[in-house]
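Below is one structure, written out as C-alpha cells; the observations come after it.
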Amino acid sequence: MATVYLATDLRLERRVAIKIMHGHLADDSAFKIRFIQEARSAARLAHPNVVNVFDQGQDDDMAYLVMEYLPGITLRDLLKDYGRLTPEQTLDILEAVLSGLAAAHKAGIVHRDVKPENVLLADDGRIKISDFGLARAVNNNTATGQALLGTIAYLSPELVTRGIADARSDIYALGIMTFEMLTGDQPYVGEAPMQIAYQHANDTVPMPSSKVADVPRELDELVLWATARDPEERPRDARVMLDQLHDVSALVRGGTQELAMQSTMVLPANMRTGANALADAETQVLGARLTPTKPPAATLLGIHPVGTGPVGPPDSGDLLSKKAGKRKRRGFWLFALVIILAAIFGGTGWYFGSGPGSDVMLPDFASASPDTASSQLTELGLKPELGGAFSATIAEGLVIGTDPDAGSRVPMDSTVTVIVSQGLQPITLPALAGTTQAEASAAIANLNALVGSIDPIFNGDVPEGSVISASKESDGTDVSAGGDYFEGLTVNLVVSLGPIPNVDGKTVAAATDILAGKNLLVVSGEQTFNDTVAKGDVITAQVPEGAIREGATLTLVISRGPEPVIVPNVVGMSWSDGKDALTNLGFKLTYNPGADLVPAALLKVAATDPVAGTSLPKGSSIALTPQF
C-alpha cells in the first residue's frame, strides 16, 4: 500500500521512517481508511515489542505515517541468509513476537498479517512486530469485501472458508511462522494461491520434526497446538500461548521452570538446613517457603518421557552449581580470546596504519614548483618522477597535478609522477570562411579552442548558415583563413542569414509577412509614381547601411501608380502633328479608321475627348475627331 522512506525529524533531531501511501490508491477510500487505521491501531499500543507510530497526517491526497526507525533486517531476511533457525533462536523470536501480540490482543486488536516480513530485528537486539495496516478491532472480524486480507501462506482455515478473523487467527499465522523458522520452509506450497488456501482449510500442519529430525518434541506440540484447524483447539490469545512458551523454553533450554522464568533465586543444596529439607516438597528460597511450582510444560501439553509418567524437576542447587562452573570456564576462554584478538587487530592496525603496510594520501600540488612537490613526496616516503603536459590554466613550469590524482592513497615507496605544465598547446586553425556553422564549431572545439560569439547577418553572396568571417575575441584579428595559434583561443563567428527577400511588386501585406518571416521589421516610407508597379504595391524595400541583422527595420517605398498627364490642345493642328503630340505623351488614340485613308495634309484635328487641359493617367485613351 505504501513506500517507506528514511527521514530526519528536524524538531527532535532523530531518524524516523515515513510511510507514504501510493498515489494511485489515494482515490480509494477503503485503502485510505485502512492506512489511517494502522496509525490508530499502533498508537493504542505502547509496548517494547511493537513498532511505535509517532504521527499521522495527510498532504493533499497523500496520507502518511511517521514511525519509529529500526536499523536492521526482517525475519524474512534472516531466514533467507540462514535457511532455518535453531530452537533457541526460534524461542527468543517467538517470545518477543508473542509479547507484542499479547499487548495487541489485550487492547482488542487483531493484527491479521503476522508473517516474517513484519517481524523486525534491530541491530541492537530489539525484536518488534510492525505493519498493523490490516489490523482491526476484535468485534470487527469479517474480512473486507471481495478479497481476503493477509498473506495466503499464513491465512487461517476460518479466514479461507468463512472470512472470519480473531485473535486465534494471529496464533495460527504465528504457528506457521514457527514451522518456517524451525524447518526453513512453509508447510504448504502450490503453484496457485488457491491450492495453498485449500491445504490450509483441509490439511493438518505437519510436525516440524518430520522435516528436521532434531526439532524438540515440545516445539512440535507447540506448533500443532497453534495450527489446529479448529480455532477452539488453539490458544485463545497470545498471552495464553506466551505463558505456555515459557514452560516449553525451560524444557528446551535444559533448565527448570524457576530458572527459565527467572522468578526467584534458589539456594544450592548445601545451604539447606533441617532434617526434613530433602523430604520437603517445597523449595526453600532465601529462608522463605514457596509453594510448589507449576508442572513442566511437557506435562501441561501431555508429553512425558517414553515409558514413564510425570517426573519432577531436577535438583535446583546442583543445576545452579554446574551452570556457574560452566560460566567461569567460558569466561576465562572468552577473556583469553579477547586478548589474542586485540593483539592481532592492534598489530594489523599498526602495520597498515603507520607501519610498512600503511598507505599515504597524496597532497594537492597544483601551481606549486616541481622542486617543492618532489621534496614533499620524498618526505612522505614516495618516489617522485617528473612528467609534462600542456595546460591552458597553469603557467608553464608549474605543477599541474600528480598521477595518481591528489587525494588518492598509495603504498609507501610508490612512484608518483609530477606533471609539469608545458604551457599552451600549439594548434593549427583551418580555414573557416565558407564552412557551415556546425563544421566551424566542431573544428574549433576539436583543437581545444573555444567558440565565442555567433553574429548572424544577412548576406546575399554567402549561403544561409555558412560562415562569412571569423576573428579572435581578444583583439579582433581576422582568422577566417586559419593559421597557427594556441589552445584556449576564443573565436567569434559571423554567420550568413542568406539574402534579404525581394519584395518588389508585392502588396504591402505580403511584403510585411515575407520580411517578418526573416525576423525583419518594416515601416512605410514615401509614395512615388511608378509606371510599372500598381498603385499601393511595394516598389522596393530600402535597407539601412552596414550589416543587416535580425530585428533590423526596412523602409517600404509604395507606388502611387503612373504619373498623370495633362491633355494638350491639338484642335486645329494637322492630323499627323496632333497624333504625334498625344502619342509622345503616352496616350492611346481612338478615331475613325477612315481618317488614315485621307492624306494627312488634307485633315485637321477637329476635337478631342477628353478635352484639352484634362489630367489623365499616362497610357489613357483619347478619342480624336478629324476635320475633312
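A few points about this structure:
- Secondary structure note: in the stretch 359-421, about 50% of the DSSP beta bridges are antiparallel.
- Overall dimensions of the stretch 47-117 by Cα: Rg and Dmax, Å: 15.2, 49
- Note on Glu88 and Gln425: with the Förster distance fixed at 45 Å, the Cβ-Cβ geometry gives a FRET efficiency of about 0.05.
- Placed amide H near Gly483: partners under 5 Å, 5+ positions off or other chain: Leu429
- Amide H contacts under 5 Å for Thr490, placed H, 5+ residues apart: Leu450, Glu473, Ser474
- For Val420, distant residues with modelled amide H under 5 Å away: Gly387, Gly388, Ala389, Ile400
- For the stretch 343-467, the mean projected area of the C-alpha convex hull, equal to one quarter of the hull surface, is 11.1 nm².
- Set of the stretch 597-616 residues, backbone N closer than 18 Å to the point 7 Å along the Cα-Cβ line of Phe628: 597-607
- The mean sequence separation of alpha-carbon pairs under 8 Å and at least six residues apart, normalised by the residue count of the stretch 508-559, gives a relative contact order of 47 percent.
- Backbone N under 18 Å from the Ala481 label point (7 Å along Cα→Cβ), restricted to the stretch 433-448: 433-435
- Estimated dipole of the stretch 564-627 in Debye, rounded to 20 [Cβ of Lys and Arg +1, of Asp and Glu -1, Cα centre]: 100 debye
- For the stretch 508-559, DSSP calls about 40 percent of its internal beta bridges antiparallel.
- Alpha-carbon centroid distance for the pair the stretch 473-510 / the stretch 152-230, whole angstrom: 83 Å
- Structural size metrics of the stretch 2-68, computed from C-alpha coordinates, are Rg and Dmax of 12.2, 35 Å.
- DSSP bridge pairs, the stretch 564-627: antiparallel proportion in percent, nearest 5: 75 percent
- Spin-label model, Leu334/Met573: points 7 Å from Cα along the beta carbon direction are separated by 13.9 nm.
- Gained length - Ala30 relative to Ala438, 0.36 nm times residue gap less alpha-carbon distance: 140.9 nm
- Base-10 log of normalised Debye intensity for the stretch 359-421 (one unit scatterer per alpha-carbon) at q = 0.15, 0.20, 0.21, 0.28 Å⁻¹: -0.37, -0.65, -0.71, -1.19
- Vicinal HN-Hα couplings computed from phi for the stretch 65-80 (Karplus, 6.51 cos²θ - 1.76 cosθ + 1.60; Hz; Gly/Pro x): 10, 10, 10, 5, 9, 10, x, x, 9, 9, 4, 4, 4, 5, 5, 5
- Phi angles of the stretch 99-113 translate, via the Karplus equation with coefficients 6.51, -1.76, 1.60 and θ = phi - 60°, into HN-Hα couplings of 5, x, 5, 4, 5, 5, 5, 5, 7, x, 10, 9, 5, 6, 8 Hz per residue; Gly and Pro are given as x.
- Annotation: extensible slack from Val598 through Glu473 equals 36.6 nm (criterion: 0.36 nm per residue apart, minus Cα-Cα distance).
- Here the Karplus curve 6.51 cos²θ - 1.76 cosθ + 1.60, taken at θ = phi - 60°, turns the phi angles of the stretch 514-530 into couplings of 5, 6, 5, x, 9, 6, 10, 9, 10, 9, 7, x, 5, 10, 10, 6, 8 Hz, with x standing for Gly and Pro.
Every number here is computed from the coordinates shown, using simple stated rules; none is lab data. Everything numeric in this text was worked out from a predicted model, so none of it was measured. All Cβ positions, glycine included, derive from the backbone under ideal geometry; neighbour counts span all protein chains shown.
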